[in-house]
Amino acid sequence: MLGCHRRWGYVGVRLCDCQLKEGMTLMNCLNSMRAALIAGLALSLASLALSGCSGQQRVLDDAKLKEMAAADEVKFREEFRAGVHRLMERVASRMDQPGVNDQTIDILAISGGGDYGAFGTGFLVGWGAAPGEFKRPDFDCVTGVSTGALISPFAYVGTDESYKTVENFYRNPKSDWVSMHEPFFFLPWNPSFATIPGLHRDLSGVIDQKFVDQMAAQSEKGKLLLVSASNLDLSRQRYWHMGPYAVEGAKTGDLDPIHKRLLASSAIPVVFPPVEIDGFLYADGGVTANVLVRLQPHSPDGFIQMWRKKYPGRPFPRVRFWVIFNNWMQPPASAVQQRWTEVMSPALAMSTRSGTIAEIRWLAAEAMYVNSQFGANIEVRVVSVPNDWRAPVKGDFKPETMNALADLGERMGADPASWQLWCSKAMADTTEAEAGLVEEKSN
């Protein structure tokens, strides 16, 4: 998640805006925080006694929520079916062209990872120089979560210029991307500890009308861009097919629906403000799944079953999943002190990282199953920050670290050996053969 996949920097040691980089010790910071909490508690009690609770309350009873949930479910299923249908038509029309031997679907999934998203942006740039079969494809589908959501539109447009634009964005973090609610950031009626005026401004600056027009052009070609967030009211993941929003934005000039969904996907709970969309409150997509990878072989709305129904007897196209994991698979060892400020960060990071790896493993297992049962040819490849890599400086969103990550990504992107193969048809065939050998021996 943005800013918390490795550590919850603004929630932990830097919970109050007394930065350690300014020379304060951790104890100084905690003492200042304790004083602020006591003062804030007194102010909160006085304010509550005088006026109840500040701010407008959202009122949604069970009946209203059920009605909204049902409507959203219908809308989501329609969007999902339409997206799968568009992808099938794009691939089938390409396969039907005379003399064209391109029968491959390329799907890019970009994970969360906060400032470590700089690794992904550098990798995408370097990937353009990779040779042969491993050359960066023109992706048929791009998915993104949290920081990956912010990167994904640029991979969707897919030009050298767009890749360099997002890399430059991550190479140059601004000090005002995050602004704390001072001095009483923790007051209960604050939607979050901080606001993101600078991030919103700069994101709107790069995803402007001209860029949205380019997104719309890709949507008209049948390409998919999926971005996910976590619906706090319904406690479930929600992802959107962003292409139609780009097409609408290109016509009307209203880019707010695009910006809101990207910011919702990267809204760290408590730290960044949640985003209200269609009456629901959304937070970081990494809360429900830090990487958006789905195969769903038995779903009637999924690609596998819809392809079999629409094109009976026709072989499945080859599918290549490319997963960029903006983090370590196994982070460096570090002695954790028995203080909540130091326990919280690695515990939450460990939970998110484990969930991300489990999601990718589940995709690989589904792909292995489909290869075996349906004779498909699905490959899953994964790349991540090397486990032995170390940040040059401490802290979150540091230009030194983000530039080092982008440099690392560029080098690795140009080298096909950077990819780890987690599933392929050959692996499925080998597993089947080994299973048959075991069964034969048991008889």
request  = Could you list the residues of the range 249-264 with an amide nitrogen less than 19 Å from a label point located 7 Å from the Cα of A82 in the Cα-to-C-beta direction?
outcome  = 249-262
key: Among 127-136, 417-426, the order from most to least packed when residues are scored by Cβ within 10 Å on average   = 417-426, 127-136
key: For the range 375-385, Karplus couplings with θ = phi - 60° (6.51, -1.76, 1.60), whole Hz, Gly/Pro x   = x, 7, 10, 10, 10, 10, 10, 9, 10, 8, 5
key: Whole-Hz ³J(HN,Hα) from phi, Karplus 6.51 cos²θ - 1.76 cosθ + 1.60, for the range 199-214, glycine and proline x   = 5, 4, 4, 6, 5, 5, x, 8, 9, 9, 4, 4, 5, 5, 4, 5
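Throughout, read-outs are computed from the coordinates displayed, never taken from laboratory work. None of these values were measured; they are calculated from a predicted model. Quick reminder, even Gly has a Cβ in these numbers, built from the backbone with ideal geometry, and neighbours come from all protein chains shown.
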